[in-house]
Each structure stands twice: as structure tokens, then as C-alpha cells.
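Let me begin by presenting the structure, written as C-alpha cells, before commenting on it.
The values are calculated or read from the model by the stated rules, or taken from the named source; none is laboratory data. Owing to the predicted nature of the structure, the values given are computational and were not obtained by experimental measurement. Positions of Cβ are generated from backbone atoms using ideal geometry, with glycine treated the same way; all protein chains shown enter the neighbour counts.
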Amino acid sequence: MKTCGYIHRFITSFILLSAAAIVLKGFFQPEQTALLLLDTGLVPAMYVEVLAFSLPFALAVCLSLAFFELTSIAPIVVCLALYMLPSGIALYQGLHFDCGCYLPGSLESRVYSELEPQFIIMLVITAITGGLHYFNSHRPIRTKTHLA
């Protein structure tokens, strides 16, 4: 993906590095995504572990395709939205409240205590990525060959 200035390059690098961090978290802690998928009831229990691995893998594939300029940034927007969906539904269902029924240090306590800030950060990253896609698609970069 072509960048047209320092600010555009900074925002693009920020998006790509944030998506890479989300991919690494998804690969090293798939049980957190699996818990959200299972507790929200989005998918049957037999598909939870497959989707907990597939979501960060799809984001990694879209990230590498965008990095090597084989596709636009639109698939990253879609993958981030899909990755954010279980967190949003868990917040809507009220699973983020810590009622004291989870043991301190347990998986549920770790996931649900950081659910709201994680959702807000991913929402901001997805919104910035969507804005970057809009900027890239409606304001093409003009080189000297286009100006002739």
C-alpha cells in the first residue's frame, strides 16, 4: 500500500503494528478468545477452538497481504470487526461485570476484567483502519505519470 506522507505512513504503520499485536495475542492466548466465543454462545462448543485459532490466522493472512501490497486494507477492517464481535456481544450480554464469583487469577477473571478496555481499544483501531481505507480509496496517490 502506497503512502503519501509522513502522517499517512505513521498511521499505516500504527495500524499494521496494532494488528500484528492482536494476531500475536490471539496465537499465544487462544483460550481467551475461546472463552468469549463459548460464553456468548455465538458458535457451538465443537467449533470454538477452531475459530479461536482461525480468527487470528485470518487476520495474519490479511495483514501479510496488505503489507506486501497484494490487497487493500479492507480485509483487515473486516477481520478486526470479526475479531471484535465476541467482545462486543459479551459486553452487551453483561459478562464484563466481576461479581466476585470468579477466582482471582482464573481465566474468566483475567478475560472479563480487561474486556471493556480491550473492546474500546479494538474499536478505535478498527475505526482508524476504516478511515484509512476510506482515505486510500477516495484519494488516490498521484504520481508524475498520473499528472501528465
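Of note:
- Unique residue being part of a helix (DSSP H, G or I) and more than 18 Å from Pro30 (Cβ to Cβ) when the list is Tyr92, Tyr83: Tyr92
- Residue within region 61-74 that is farther than 25 Å from Ser137 by Cβ and charged (D, E, K, R) present: no
- Here Val111, Val77, Val43 are screened, and the one residue that is out of contact with any Ser or Thr (no Cβ under 8 Å at 6 or more places or on another chain) and assigned to a helix (DSSP H, G or I) is Val111.
- Contacts under 7 angstrom Cβ, first residue in region 106-120 being more than 12 Å from Ile89 (Cα to Cα), partner buried (at least 17 other Cβ atoms within 10 Å of the Cβ), 6 or more apart: Leu107/Leu35; Glu108/Leu35; Val111/Gln32; Val111/Leu35; Val111/Leu36; Tyr112/Leu95; Tyr112/His96; Gln118/Ser87
- The single condition among (1) within 12 Å of the chain's Cα centre (by Cα); (2) at positive phi; (3) of a type outside the set (Asp, Glu) that Gly94 does not satisfy is (1).
- Condition met for Ser64 (in a helix (DSSP H, G or I), over 11 Å from the mean Cα position of the chain (by Cα), within 24 Å of Thr12 (Cβ to Cβ) and modelled with pLDDT under 95): yes
- Number of the exception - Val48 against (1) touching a helix residue (DSSP H, G or I) at 6+ places or on another chain (Cβ under 7 Å); (2) not in a helix (DSSP H, G or I): (2)
- Residue within region 107-117 that is at pLDDT 90 or above, more than 16 Å from Ile11 (Cβ to Cβ) and either touching a Pro at 6+ places or on another chain (Cβ under 7 Å) or polar (S, T, N, Q) (or both) present: no
- Gly88 vs. criteria out of contact with any His (no Cβ under 9 Å at 6 or more places or on another chain) and either at pLDDT 85 or above or not small (Gly, Ala, Ser) (or both): yes
- Matching residues in region 1-40 - criterion: being among the polar types (S, T, N, Q) and either in a helix (DSSP H, G or I) or closer than 15 Å to Ile125 by Cα (or both): Thr12, Ser13, Ser18, Gln32, Thr33, Thr40
- In the set (1) under 15 Å from the mean Cα position of the chain (by Cα); (2) hydroxyl-bearing (Ser, Thr, Tyr); (3) in a loop (DSSP other than H, G, I, E, B), Thr71 fails one condition alone, (1).
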